[in-house]
1. Hey, among the residues in the range 174-212 that are in a strand (DSSP E or B) and hydrophobic (A, V, I, L, M, F, W, C), which one's surrounded by the most Cβ atoms within 10 Å (Cβ to Cβ)?
2. Does Arg141 meet the test of being surrounded by 15 or more Cβ atoms within 10 Å (Cβ to Cβ) and within 22 Å of Glu104 (Cα to Cα)?
3. State the number of residues belonging to the range 25-63 that are out of contact with any strand residue (DSSP E or B) (no Cβ under 7 Å at 6 or more places or on another chain), in a helix (DSSP H, G or I) and under 26 Å from Asp157 (Cβ atoms).
4. Please specify each residue of the range 105-158 satisfying the condition of being among the polar types (S, T, N, Q), within 18 Å of Ala176 (Cα to Cα) and either modelled with pLDDT under 95 or in a helix (DSSP H, G or I) (or both).
5. List every residue pair whose Cβ atoms lie under 9 Å apart, where the two residues are 6 or more positions apart in sequence or sit on different chains, the first residue falls within the range 118-134 and is under 18 Å from Thr90 (Cβ atoms), and the second residue, located anywhere, is of a type in the set (Gly, Ala, Ser) and not in a strand (DSSP E or B).
6. Restricting to the range 159-173, name every residue that is touching a His at 6+ places or on another chain (Cβ under 7 Å) and either under 21 Å from Lys52 (Cα atoms) or not in a loop (DSSP other than H, G, I, E, B) (or both).
7. Any residue at all in the range 2-11 that is in a helix (DSSP H, G or I) and surrounded by fewer than 18 Cβ atoms within 10 Å (Cβ to Cβ)?
8. Could we say that Glu171 is in contact with a Lys or Arg (Cβ under 7 Å, 6 or more places away or on another chain) and either buried (at least 18 other Cβ atoms within 10 Å of the Cβ) or of a type in the set (Asp, Glu) (or both) here?
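The values are calculated or read from the model by the stated rules, or taken from the named source; none is laboratory data. Since the model is a prediction, treat every value here as computed from it, not as a measurement. Cβ placement follows ideal geometry from the backbone for every residue including glycine, while neighbour counts extend to all protein chains displayed.
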Amino acid sequence: MPNRYWNLQSQLADVERLDQYLESVSDQQRPLRDSEYWEGRLLLRSQVMPQKFWVLDAWTEKIALEAGKIMLRTMSQVAGLVQPSRDFPTQQVVIGSNGMGEVESPARTDADPLPFFLISENHVKHVCVEEYIEVQDGFVREIEPYAGFRRRLLLQDIGRREHFFVFDEWESEKQAFEAYEKRSAVIDEITTTRFQALLQERGEQDFALSIS
């Protein structure tokens, strides 16, 4: 199975210039589409901080990922940002039974709820990286049968192999939290303690809606 690389950007937008920001992000995609190695983009809006957005561009080649970053830097700055983007070049780690999965969320009608994402950041102890990946694989296989679950993206920072981002996609917010409550009721304390022991520290946690 081929690798997939993601350029993950965390951006803070001026909510008073939101239309300008969204148009600018959309305009960015036109030159990216010309690359045979670009697979698509996810644009997520935080529900914790409405001014915060996650932009994820998927690539099939690491060298194309780097070229894409240079391309974005040389283009006009995204309009409506209140500070420069935070960029994290990452590689997707294959976990669960669905493998790499689709890049973009499935097509939806206006009547369908927006895809819902649970996002977490983990800084793992250096000696525990492989065990952490194994545990994540086990976790995602446990939640795959839940109604509304679509996929888990496990992204590993290319520059710091102990740094991970986890993106869980659900069909709706309601299904995500119903599944979370069910799983919390059955997960044992030993499993929770084992997972926490793998971490150097937890980073930020967020939940977001997909708007593209």
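1. Ala208
2. No.
3. 3
4. Ser105, Gln136
5. If the second residue must be of a type in the set (Gly, Ala, Ser) and not in a strand (DSSP E or B), the pairs left are Leu118/Ala176.
6. His163
7. No: zero hits.
8. Considered against the rule, which asks whether it is in contact with a Lys or Arg (Cβ under 7 Å, 6 or more places away or on another chain) and either buried (at least 18 other Cβ atoms within 10 Å of the Cβ) or of a type in the set (Asp, Glu) (or both), Glu171 comes out as yes.
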